[in-house]
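Engineer: My structure is below; once you've seen it, I'll send some questions.
The values are calculated or read from the model by the stated rules, or taken from the named source; none is laboratory data. Not measured: the values here are computed from a predicted model. Here the Cβ is made from the backbone with ideal geometry for all residues, glycine too, and neighbour counts use every protein chain on show.
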Amino acid sequence: MKSVLVIHYSQSGQLTEIVNNITNPLKNKNTDITYLTIKMKEPFPFPWKKKEFYGAFPDTFKQIPQEVESIPNAILNKNYDLIILGYSIWYLTPSLPTTSFLNTEQAKQLFNNKPVITVIGCRNMWIMAQEKMKKKLKSLNANLVGNIVLADRHINHISVITIAQWMFSGKKERFLGVFPKPGVSQKDINESVKFGPIISNHLQKNDFHDLQKDLLKENAVKIKPFLITVDKRANVIFSKWANFIHSKGDKNAPKRQFWVKIFNYYLLFVIWFIAPIVFILFLLTYLPLYSKIKRDKVYYASVALK
């Protein structure tokens, strides 16, 4: 009998649906599945208010842990053959509840020497968040064996509008009746069941060596080279902003709240005016950098860590 632990945190329920679809095919007489939902001692709101949404930026990006609810001993003390970790992206980083959980002693016990598959549900930029996740899993002595990414397929500026409407209203619907529904398409969510049999096959053989290779055959990861460039540059800038805002005191300090507002305006400016310029520059350098872009696509689709 194989034992699988499925861990995730979801505000809207989208990631829950993705994780459930992927793991449903694993349910059989040869596999025992345990589900664990990460719970915060002080839950984050959904729908968000703008003050809380942007106020979460510094601690999220710096991965400063918040308190999470303890795991029941019945879950903690079982021995698992595989861990499936689902997470969403906040500010180019794994969500704060996810990083908070991974910072606990209980997570350290659970993940030690265990094969792990990450499942990401996000808007579009996830590359550097996954690099952070790779480093964290390595620090927990876990072995990353697979990664599945379901992202919003719409162009950047459309998804910015629709995701913001969803986050602040709590309603996953067509904004103004014109824009597409926000988030990962229902078609992609429904079709994510295709990854379950692949995982189950490797699990039963207790051999995850070629798991990511097999997942990639089913388009588990799709790399957009331009977003690699944007993600890397944005992480450098976000690091400066996060450190600066964090230096202004705790989350309720007036100076910190003032600079969070400034960051909000800066972020909108970058998305609507700077990102298109970066895209043009990317196109101009695409051919000279083609070999590097090709290598990057292979690396970021893999589970390797440089």
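Engineer: Taking the range 165-188, which residues are in contact (Cβ under 8 Å) with a residue 60 or more places away in the chain and either in contact with a strand residue (DSSP E or B) (Cβ under 7 Å, 6 or more places away or on another chain) or acidic (Asp, Glu) (or both)?
Structural biologist: 184
Engineer: Follow-up question, since we're still on this one. Could you check how many residues of the range 276-306 are in a helix (DSSP H, G or I), in contact with a helix residue (DSSP H, G or I) (Cβ under 9 Å, 6 or more places away or on another chain) and under 19 Å from residue 117 (Cβ atoms)?
Structural biologist: Within the range 276-306, residues that are in a helix (DSSP H, G or I), in contact with a helix residue (DSSP H, G or I) (Cβ under 9 Å, 6 or more places away or on another chain) and under 19 Å from residue 117 (Cβ atoms) number 1.
Engineer: A follow-up question, please. Could you tell me how many of the residues in the range 98-143 are outside any helix (DSSP H, G or I) and within 25 Å of residue 162 (Cα to Cα)?
Structural biologist: The initial filter retains those residues of the range 98-143 that are outside any helix (DSSP H, G or I), namely 103-104, 112-126, 140-143.
Narrowing the set further to residues that are within 25 Å of residue 162 (Cα to Cα) leaves 119-126.
Qualifying residue count, the range 98-143: 8.
Engineer: If you check 200, 192, 159, 169, which single one turns out to be in contact with a Pro (Cβ under 9 Å, 6 or more places away or on another chain), closer than 30 Å to residue 27 by Cβ and of a type in the set (Gly, Ala, Ser)? Steps first, please.
Structural biologist: Values: 192 fails: in contact with a Pro (Cβ under 9 Å, 6 or more places away or on another chain); 159 fails: closer than 30 Å to residue 27 by Cβ; 169 fails: closer than 30 Å to residue 27 by Cβ.
Unique residue meeting the criteria: 200.
The rows are residues; the columns are (1) surrounded by fewer than 16 Cβ atoms within 10 Å (Cβ to Cβ); (2) closer than 21 Å to residue 89 by Cα.
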{"residue": "148", "(1), (2)": "no, yes"}
{"residue": "159", "(1), (2)": "no, yes"}
{"residue": "170", "(1), (2)": "yes, yes"}
{"residue": "175", "(1), (2)": "no, no"}
{"residue": "188", "(1), (2)": "no, yes"}
{"residue": "205", "(1), (2)": "yes, no"}
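Engineer: Still on this structure: Scan the range 147-190 for residues that are among the acidic types (Asp, Glu) and either within 19 Å of the chain's Cα centre (by Cα) or in a strand (DSSP E or B) (or both) and jot them down. Talk me through it step by step, then tell me what you get.
Structural biologist: The initial filter retains those residues of the range 147-190 that are among the acidic types (Asp, Glu), namely 152, 173, 188.
Once the filter is applied, which keeps residues that are among the acidic types (Asp, Glu) and either within 19 Å of the chain's Cα centre (by Cα) or in a strand (DSSP E or B) (or both), the range 147-190 yields 152, 188.
Engineer: Conditions first: (1) surrounded by fewer than 19 Cβ atoms within 10 Å (Cβ to Cβ); (2) more than 18 Å from the chain's Cα centre (by Cα); (3) part of a helix (DSSP H, G or I); (4) modelled with pLDDT of 95 or more. Residue 245 passes all but one, so which condition is the exception?
Structural biologist: Going through the list (1) surrounded by fewer than 19 Cβ atoms within 10 Å (Cβ to Cβ); (2) more than 18 Å from the chain's Cα centre (by Cα); (3) part of a helix (DSSP H, G or I); (4) modelled with pLDDT of 95 or more, residue 245 breaks only (1).
Engineer: For the range 74-89, indicate whether the set of residues that are over 22 Å from residue 267 (Cβ atoms), touching a Phe, Trp or Tyr at 6+ places or on another chain (Cβ under 7 Å) and free of Cβ contacts under 8 Å to residues at least 40 places away in the same chain is non-empty.
Structural biologist: Initial filter on the range 74-89 (over 22 Å from residue 267 (Cβ atoms)): 74-86.
If we keep only those that are touching a Phe, Trp or Tyr at 6+ places or on another chain (Cβ under 7 Å) too, we end up with 83.
Next, only the ones that are free of Cβ contacts under 8 Å to residues at least 40 places away in the same chain stay: none.
Taking every residue of the range 74-89 in turn, none turns out to be over 22 Å from residue 267 (Cβ atoms), touching a Phe, Trp or Tyr at 6+ places or on another chain (Cβ under 7 Å) and free of Cβ contacts under 8 Å to residues at least 40 places away in the same chain.
Engineer: If residue 124 meets every condition in (1) crowded, with 22+ Cβ neighbours inside 10 Å; (2) touching a helix residue (DSSP H, G or I) at 6+ places or on another chain (Cβ under 7 Å); (3) of a type outside the set (A, V, I, L, M, F, W, C) apart from one, which number is that one?
Structural biologist: So the condition that residue 124 fails would be (1).
Yes/no matrix, rows are residues, columns are (1) under 24 Å from residue 134 (Cα atoms); (2) among the small types (Gly, Ala, Ser); (3) in contact (Cβ under 8 Å) with a residue 12 or more places away in the chain:
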position	(1), (2), (3)
265	no, no, no
278	no, no, yes
284	no, no, no
300	yes, no, yes
303	yes, no, yes
